[in-house]
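Reviewing the structure listed below.
The values are calculated or read from the model by the stated rules, or taken from the named source; none is laboratory data. Everything numeric in this text was worked out from a predicted model, so none of it was measured. Heads up, the Cβs are rebuilt from the backbone with ideal geometry, glycines too, and the neighbour counts pull from every protein chain shown. These accessible areas exclude ligands, DNA and RNA; they are computed on the full protein's heavy atoms, side chains included. Shrake-Rupley method; radii C 1.70, N 1.55, O 1.52, S 1.80 Å.
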Amino acid sequence: MSEEINQYIKSEYAAGFITDIESETLPPGLNEDVIRFISAKKGEPEWLLEWRLKAFEIFMEMEEPTWAHVHYPKINFQDISYYSSPKSMADKPQSLDEVDPELLRTYEKLGIPLHEQEVLAGVANVAMDVVFDSVSVATTFREKLSEAGVIFMPISEAVHKHPELVKKYLGSVVPQRDNYYAALNCAVFSDGSFVYIPKGVRCPMELSTYFRINEQNTGQFERTLIIADEGSHVSYLEGCTAPMRDENQLHAAVVELVALDNAEIKYSTVQNWYPGDENGKGGIYNFVTKRAVAHTNAKVSWTQVETGSAVTWKYPSCILKGDNSIGEFYSVALTNNFQQADTGTKMIHLGKNTKSTIISKGISAGKSQNAYRGLVRMNPSAEGARNFTQCDSLLIGDKCGAHTFPYIESKHPSAVIEHEATTSTVSDDQMFLCQQRGIDPEKAVSMIVNGFCKEVFKELPMEFAVEAGKLLEVSLEGSVG
Amino acid sequence: MLSIKNLHAKVEEKDILKGLNIEIKPGEIHAIMGPNGAGKSTLGNVLSGREGYEVTDGEVIFDGKNILDMDTEERAREGLFLAFQYPVEIPGVSNLEFLKASVDAVRAHRGQDPLDSVSFLKLAREKCKAVNLDQNFLKRGVNEGFSGGEKKRNEIMQMMLLEPKLCILDETDSGLDIDALQVVAEGVNSQRDPNRSFIVVTHYQRLLDYIVPDYVHVLAGGKIVKSGGKELALELEEKGYGWIENGAA
Ligand SMILES: Nc1ncnc2c1ncn2[C@@H]1O[C@H](COP(=O)(O)OP(=O)(O)OP(=O)(O)O)[C@@H](O)[C@H]1O
Ligand SMILES: [Mg+2]
């Protein structure tokens with residue numbers, strides 16, 4: 001009956017509308033002039049322009065990687081526009097009242113809270129930065145946050161206001177040469193969020209950035225940098241959506257996290273880029289580099305719920321540099337129709353007694369392909385390091401694929417590495433049990449899938465756990481008959 | 001309550017039910033016995049509308065309605081309950097969550113509002129107690145790691161919560177220890193009601209000492225080959241099925 005189960009699943013993409021707005025969009029093409037243009041648009045200092053140009057040079061020497069278990073036509077980087085901004089943003093609105101109402105309506109439709117009063121009245125205690133194509137539209141609660149000494153602003157602004165921090169940490173975790181898409185990002189990155197939590201401060205609110213691609217033929221190349229100073233604590237969440245378009249669009253982001261001694265960063269992602277239609281037409285190529293450095297006694301926790309994108313290539317990683325530092329990776333990746341995901345993590349143990357935990361839940365439906373790829377490396381210095389990995393795959397129907405590629409390199413005899421993996425299916429028997437108890441087949445599938453993901457959902461901030469559950473339901477929602 | 005006339009059904013191109021007739025009135029308990037592979041579980045599946053079980057002839061009227069055109073979930077909401085011979089596990093989905101979804105769906109069908117979580121929890125705890133299951137079972141995944149006997153008691157607990165009109169118990173007694181058998185039987189007996197009927201599928205006459213049937217049927221070769229009162233079960237226990245099957249053939 002797997003055929004029947006399959007028919008209960010269809011993707012209905014609620015965020016697929018287009019915002020009709022005038023924008024200033026650079027013609028397609030990638031060259032030094034484009035980079036100079038972007039840098040000039042943001043009024044960047046000379047050092048940053050040089051840094052971008054250097055990255056571009058490196059990018060031109062590199063080859064597109066082919067090792068991932070994904071297939072897509074070769075990207076022509078000259079067909080993409082690297083900068084697009086709503087025209088109304090040119091006057092740099094100083095407050096929400098000055099922002100184009102059409103833009104605000106977009107976020108309203110997406111359910112993103114931009115009015116501080118509404119947020120305060122609601123349950124979610126969250127400050128937002130919203131990035132629309134290549135620019136940040138608004139950042140809320142900045143005053144409240146600054147009372148605590150927390151800096152939360154677009155990175156383009158941080159370059160001017162906190163140049164010493166940006167200069168010190170930008171590229172310190174993901175250098176220009178790191179990989180093909182990271183090099184591209186270093187060259188053309190447009191906007192993203194910058195966060196600094198001072199020593200000993202517990203960030204009083206959840207911080208969140210919402211990325212939206214709107215314009216046709218553009219790519220989004222955001223850059224996020226989070227620095228948690230000694231003994232501080234922050235929880236950050238990013239979300240992303242894009243309109244339904246027939247052509248593929250590129251999203252190549254870089255996220256760098258720095259957790260200094262005794263600091264803790266919790267980074268959660270709900271990724272819902274347009275996945276393409278049921279025939280595999282359109283959708284976002286999501287090629288992302290996310291990495292964290294954890295210093296002594298620091299803790300970094302990545303939680304991701306990946307339901308969107310046509311192709312996902314993403315490995316949020318931890319470099320456990322300091323002794324006793326902790327890295328965690330909790331992932332739900334759901335693919336449906338013709339989606340392809342190759343995602344996982346790297347845990348690089350350098351410090352003594354470092355610990356990492358990897359819990360990965362892959363769900364494949366339709367004709368999709370879902371791969372977990374993970375590296376656990378215990379360096380010669382990593383005395384007493386430990387890793388636990390659990391990697392579960394759930395198949396819905398018999399036309400999809402699940403793959404696991406765990407790599408283990410242990411160079412210290414005292415290191416302990418445990419790996420568990422399972423593959424299961426949503427069985428006819430389970431469906432029959434649910435239906436015999438009066439439960440709709442759609443509801444049954446989503447309940448079973450949610451149950452499968454439970455261990456990961458409980459790691460999300462509470463407000464978003466509910467959101468993520470709903471998102472899975474929508475991604476799995478289907479028509480009967 | 002239930003009227004089955006000349007029911008033919010096949011699975012995977014194989015004819016299993018070949019002209020089965022049963023009439024069940026409200027409040028009655030009918031026991032069905034018969035050799036392995038006779039089609040007893042198939043009957044439960046066909047009545048529940050399980051995918052892949054194709055009715056090729058005959059009719060089934062349940063509570064005045066022809067149910068053969070209804071989906072599985074619709075039949076369930078109409079009050080047809082099947083306690084499984086082999087209850088399946090659903091890891092990660094808590095029993096409580098599952099039961100709430102189930103009870104809410106049935107209530108919605110009856111035009112009732114969903115129960116609030118607190119009242120539901122109270123109700124579910126009560127039913128657990130009735131079948132001697134610890135309350136922890138509500139938190140655990142559906143049948144996840146339950147022992148054979150615990151799974152069967154869990155089925156009866158669900159039946160008590162859903163208050164169906166027709167309960168089909170498929171070998172609910174198999175795998176139960178003596179005490180659990182009594183608990184389950186008491187559970188079933190507590191649900192006896194002039195408006196509720198039972199089909200009890202079993203291989204052992206012992207269960208029928210506790211749950212006393214109004215009728216006993218022998219299902220063999222896809223149809224009812226002999227029917228009688230509760231004393232028929234004793235006769236079967238003594239003589240086996242050979243004498244009937246030979247006579248019927
Ligand atoms: N899904 C199926 N696919 C193929 N054959 C099936 C299927 N379901 C039932 N059968 C076959 O139908 C026949 C009747 O099976 P059924 O489970 O109804 O027997 P039963 O009377 O319940 O037996 P038991 O006493 O062993 O439980 C068997 O030969 C069985 O193999
Ligand atoms: Mg059987």
Search the range A:432-449 for residues being within 10 Å of chain B (Cβ to nearest Cβ) and open to solvent by 30 Å² or more (accessible area, probe 1.4 Å), and hand back the single one that is farthest from the chain's Cα centre (by Cα). A:440
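Residue-wise test of (1) over 19 Å from residue B:160 (Cβ atoms); (2) away from ligand 2 (no atom under 16 Å from the Cβ).
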position	(1), (2)
B:171	no, no
B:178	yes, yes
B:181	no, yes
B:188	no, yes
B:196	no, yes
B:200	no, no
B:208	yes, yes
B:212	yes, yes
B:215	yes, yes
Can you find a residue in the range A:413-431 that is of a type outside the set (Lys, Arg), within 14 Å of another protein chain (Cβ to nearest Cβ), open to solvent by less than 10 Å² (accessible area, probe 1.4 Å) and assigned to a helix (DSSP H, G or I)? yes
Looking at the range A:224-238 only, could you name the residues that are of a type outside the set (A, V, I, L, M) and open to solvent by less than 10 Å² (accessible area, probe 1.4 Å)? A:224, A:232, A:236, A:238
Find the helices (runs of 4 or more DSSP H) located wholly in the range B:1-118 whose residues include 2 or more that are more than 16 Å from ligand 2 (Cβ to nearest atom) and without any contact (Cβ under 8 Å) to a residue 60 or more places away in the chain, and list them. B:72-77, B:95-109
Pick out the one residue from B:81, B:98, B:62 that is over 29 Å from residue B:141 (Cβ atoms) and either surrounded by 19 or more Cβ atoms within 10 Å (Cβ to Cβ) or within 13 Å of another protein chain (Cβ to nearest Cβ) (or both). B:62
Restricting to the range A:37-85, name every residue that is charged (D, E, K, R) and either in contact with a helix residue (DSSP H, G or I) (Cβ under 7 Å, 6 or more places away or on another chain) or assigned to a loop (DSSP other than H, G, I, E, B) (or both). A:42, A:44, A:52, A:63, A:64, A:74
Out of the range B:168-186, which residues are outside any loop (DSSP other than H, G, I, E, B) and either more than 14 Å from every other protein chain (Cβ to nearest Cβ) or within 12 Å of ligand 1 (Cβ to nearest atom) (or both)? B:168, B:170, B:178, B:179, B:180, B:181, B:182, B:183, B:184, B:185, B:186
Among the residues in the range B:24-38, are any within 10 Å of another protein chain (Cβ to nearest Cβ) and crowded, with 23+ Cβ neighbours inside 10 Å? no
Return only the number of the condition from (1) crowded, with 19+ Cβ neighbours inside 10 Å; (2) under 16 Å from the mean Cα position of the chain (by Cα); (3) closer than 20 Å to residue B:34 by Cβ that residue B:222 does not satisfy. (2)
Flag if residue B:244 is within 16 Å of ligand 2 (Cβ to nearest atom) and touching a strand residue (DSSP E or B) at 6+ places or on another chain (Cβ under 6 Å): no
